[in-house]
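The values are calculated or read from the model by the stated rules, or taken from the named source; none is laboratory data. Only a predicted model underlies this, so the values are computations on that prediction, with no experimental measurement involved. Heads up, the Cβs are rebuilt from the backbone with ideal geometry, glycines too, and the neighbour counts pull from every protein chain shown. Just so you know, the surface numbers come from the protein's heavy atoms only, side chains and all, with ligands and any DNA or RNA stripped out. Shrake-Rupley method; radii C 1.70, N 1.55, O 1.52, S 1.80 Å.
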Amino acid sequence: MIALLVIDMQNAYFEAPELAARQEQLVASCNRLLAGFAASGHKALLVGTEHERDKSTWTLNMLDDDQGFIFRGSGQAEAVPGLATDGLPQLIKTRDSAFMGTNLLSRLRNWGADEIVLAGVSTHNCIAQTGADAFAHNIRVTYARDAMASEDSQDAVDMLRILSTSYRQPVQSSDEILARLSR
């Protein structure tokens, strides 16, 4: 079983001009993957970030700057317009990795998933950290090249090079990923 994780496709992240410029294309690519996974009987999970206003979930940099981000129930926390979220199970996280402090591993085990495909934002942060933690749990990872983006393209290239080389986590197009699902 291969599971698709669509990470942080939320309004807050697309406030960055680099991601805003790619929003329409990313939504279309994520939706294409979501449809393909559903059609082939594979699982998908919408992963989002939300924080509490009382600072109890804030990261060190948020605490240092006394500046919160993506508060539960805010417009920033909502999925970007057009993303096909109907009927999708959801997972809320407060750290870059979707494994940190969540029940993601249990969900993947319950589904019988031994591989995850990662899509969404940001390649160099939340996607990379989730991929590295998946490796630690002996879960294979594939990165969906055309269904992810970063506000720092050089950091994204560097992270994917490291993860692909050191952890043997390939970067593939949506076409390549969808072709594997029908085998």
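Some points to look at:
- Restricting the stretch 29-123 to GluC sites (Glu not before Pro) in coil, as DSSP defines it, with at most 16 other Cβ within 10 Å: E52, E78
- Rounded to the nearest 10 Å², the accessible area of L181 at probe 1.4 Å: 10
- Under a model in which nothing but the beta-carbon of Lys, Arg (+1) and Asp, Glu (-1) is charged, the stretch 8-71 shows a dipole of about 500 debye around its Cα centre.
- Helix-only mean residue ellipticity at 222 nm for the chain, each DSSP H run of n ≥ 4 adding -39500 (n - 2.57), per residue, nearest 500: -10500 deg cm²/dmol
- For the stretch 1-81, the fraction of alpha-carbon pairs in successive 10 Å shells from zero, as %: 17, 39, 30, 13, 1
- Membrane-span-like helices in the chain, defined here as complete DSSP H runs extending at least 20 Å along the helix axis by their C-alpha atoms with mean Kyte-Doolittle hydropathy no lower than 0.0, are 23-39; this is a sequence and geometry rule, not a statement about a membrane.
- Per-residue SASA entry for K43, accessible area with 1.4 Å probe, Å² rounded to 10: 80
- P(r) for the chain, from all Cα pairs and a bin width of 10 Å, is 10, 40, 38, 11, 1, 0 %, short bins first.
- Placing +1 on the Cβ of every Lys and Arg and -1 on the Cβ of every Asp and Glu, with nothing else charged, gives the stretch 1-111 a dipole about its Cα centre of roughly 620 debye.
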